[in-house]
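Report on the following structure.
The values are calculated or read from the model by the stated rules, or taken from the named source; none is laboratory data. Everything quoted here is computed from the prediction, not taken from an experiment. We place every Cβ from the backbone using ideal geometry, glycine too, and count neighbours over all the protein chains shown. Only protein heavy atoms, including side chains, enter the accessible area calculation; ligands, DNA and RNA are left aside. Shrake-Rupley method; radii C 1.70, N 1.55, O 1.52, S 1.80 Å.
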Amino acid sequence: MDVFLRKSNPAARATGVLAVGVAEGSGKLSGAAQSLDRSTRGAVSAVLATGDFRGKHLETALIYPEGVKAKRVLLVGLGPQKELTPQRVLAAAATAARRARELGAETLAMALHTGATLDPATASAAAEGAVLGHYRHTAYKTDAKPPLDRIELLSPGAATPRLANAVASGELRGEATCLARDLANTPGQDLVPEQLAERAVEIARTVGATAQVLDVPAMERLGMGCVLAVGRGSAHAPRFVVLEAAPTRKPRRGKVPTVVVIGKGVTFDTGGYSLKPREGMSKMKYDMSGAAAVLGLFASLPTLDLPFKLVGLIPSAENMVNSRALKPGDVIRALDGTTIEVTNTDAEGRLLLADALGYAKRYKPDAVVNLATLTGAISIALGRACAGLFTRDDAFAAELTQAGESVGERLWRMPLWDDYLVEMKGDTADLLNSSERREGAACTAAAFLEHFAKGMRWAHLDIASTAWTYADRGEYARGANAFGARLLVKWLEGMAAK
Ligand code: BES
Ligand code: MN
Ligand code: ZN
């Protein structure tokens with residue numbers, strides 16, 4: 001969905017929906033809301049006076065005032081002016097785009113500035129938000145509300161190149177996340193590991209990154225016993241995707257660092273012979289949400305200017321059952337030589353990540369982040385409000401938490417103590433892939449991963465609690481949401497600025 005920047009007064013623009021941002025509780029109106037109020041001889045003030053709409057963040061009111069060229073005006077709450085952030089603007093723009101689409105409008109014009117001018121940060125956030133809020137997974141719908149024909153962002157001043165660039169980069173980031181959402185929303189039947197790998201190659205090609213896809217013989221040569229074992233029960237063979245993007249500029253000092261991001265790519269998780277109950281299985285097409293986040297990041301690369309090398313690793317398999325499938329009690333060997341007794345074939349994500357972490361070591365990376373819909377237990381611990389963050393590195397934890405906070409993707413720190421690893425030690429093999437106890441399952445899973453991450457600056461995000469949206473809100477649409485993609489973009493952007 002293109003977003004066009006246009007110099008115009010809100011009231012002067014002919015459009016299906018004119019969305020105007022209104023800050024909360026500011027005695028006197030400002031920016032677009034003030035301009036609209038003047039053109040409509042007080043329509044905004046009148047609504048505020050009723051108390052029906054106060055400008056609370058994401059609150060909306062649909063009005064039909066005189067004095068505007070638009071068919072209807074959607075007032076969108078921005079929350080208190082003092083608390084206004086680009087993320088709040090983004091969610092407000094998303095709310096406007098969703099509502100415009102629901103109304104069946106053809107065009108949306110947004111005026112979200114609260115000052116005399118539109119600044120680039122606001123413009124970029126508005127564009128990104130509109131694209132995200134407009135998103136729906138419609139590939140299989142024959143009766144979906146049609147998309148909008150056009151989205152515009154109105155600026156009171158000239159559409160300078162700087163503003164236009166901000167809009168373009170916001171739009172591109174929004175599209176990147178939508179692409180990742182589409183992947184995660186695609187049914188398992190239509191996105192098997194081979195297809196996920198093909199999509200990764202396509203994305204790499206469009207952003208000028210390189211992609212290498214390891215098939216079964218290649219993984220056998222390397223000794224990726226875990227990915228091979230998880231994939232063995234499926235007619236659709238596993239893949240291991242390696243994406244590499246070179247730095248686009250020199251670091252200010254020292255040699256070029258390397259950052260590795262890893263995404264769990266289980267295209268469908270039946271649990272294997274440790275079969276999932278039916279309710280637990282129905283959504284498991286999104287068990288490649290970690291991979292989707294990594295691909296969303298790669299698709300966003302044109303908006304970043306990174307002084308470091310970025311590597312994306314996607315171990316991908318379909319966790320199924322057949323006569324060759326992995327069985328409880330089987331012992332497998334990870335890329336790094338560790339032997340693992342598979343006590344539960346449903347704890348397959350950590351197996352894929354074990355090989356990916358082993359592979360990451362060859363880069364001697366400066367930082368490694370893995371994202372995975374790893375455990376149901378993380379939702380038991382945290383609910384749906386945040387994802388679990390596991391790392392021993394306080395500074396790293398702070399960086400990631402901060403990045404997440406600023407894009408509305410909350411993380412909460414979870415413990416990584418040796419006590420958890422004790423539970424993962426085996427008699428038959430070095431490690432068990434699943435503890436005998438259910439308690440603390442998100443933590444024992446993280447401890448298992450840490451074994452393979454030793455020596456690297458590493459963090460694990462368990463996104464099983466957040467990767468699915470249950471009710472439309474702000475930039476989130478029901479279904480798989482590619483949680484983590486925007487966080488990674490923000491994190492790298494912050495690192496690049498240092
Ligand atoms: N993909 C699941 C985790 C999951 C559960 C993701 C619910 C999203 C929603 C993972 O592979 C899994 O099955 N984990 C097991 C681990 C257990 C066997 C230790 C789980 O959470 O039950
Ligand atoms: Mn599983
Ligand atoms: Zn899984």
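Quick look at the numbers
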item: Furthest towards positive pole of dipole, N433, S45, G104, structure part the chain, Cβ charges; result: S45
item: Pair-distance profile P(r), taking every C-alpha pair of the range 279-325, with 5 angstrom steps and integer %; result: 5, 15, 20, 17, 15, 10, 8, 6, 4, 1
item: The chain, Rg to Rh (Cα coordinates; Rh as Kirkwood inverse mean 1/r); result: 1.02
item: Gain in span if fully extended, K141 to D52, counting 0.36 nm per residue against the direct Cα distance; result: 28.5 nm
item: Estimated FRET transfer efficiency (Q212, L275; beta-carbon r; R0 22 Å; 0.05); result: 0.05
item: Distant-in-sequence amide H partners of M320 (H built 1.01 Å from N, under 5 Å); result: G233, S234
item: Estimated dipole of the chain in Debye, rounded to 20 [Cβ of Lys and Arg +1, of Asp and Glu -1, Cα centre]; result: 1400 debye
item: Surrounding net charge for F4, when Lys and Arg each add one and Asp and Glu each subtract one, Cβ distance under 13 Å; result: 0
item: When each of K364/K490; K28/K82; K285/K490 is checked by Cα-Cα distance, pairs over 18 Å; result: K364/K490; K285/K490
item: Cα centroid separation, the range 241-261 to the range 64-79 (Å); result: 46 Å
item: The chain, accessible area per residue, ligands and nucleic acids excluded (1.4 Å, Å²); result: 41 Å²
item: Packing-based ranking, highest mean first, of 250-258, 127-135, 165-173 given that Cβ atoms within 10 Å are counted; result: 127-135, 165-173, 250-258
item: Relative frequency of Cα-Cα separations exceeding 14 Å in the range 125-174, percent; result: 59 percent
item: Antiparallel DSSP beta bridges within the range 2-177, percent to nearest 5; result: 15 percent
item: Fully extended contour minus Cα-Cα distance, from K7 to R457, at 0.36 nm per residue; result: 157.3 nm
item: Gain in span if fully extended, K425 to R413, counting 0.36 nm per residue against the direct Cα distance; result: 1.9 nm
item: Principal-axis tilt of helix 193-207 within the chain, Cα atoms, nearest 10 degrees; result: 50 degrees
item: Cα-Cα P(r), the range 220-342, percent of pairs per 10 Å interval; result: 13, 34, 29, 16, 7, 1
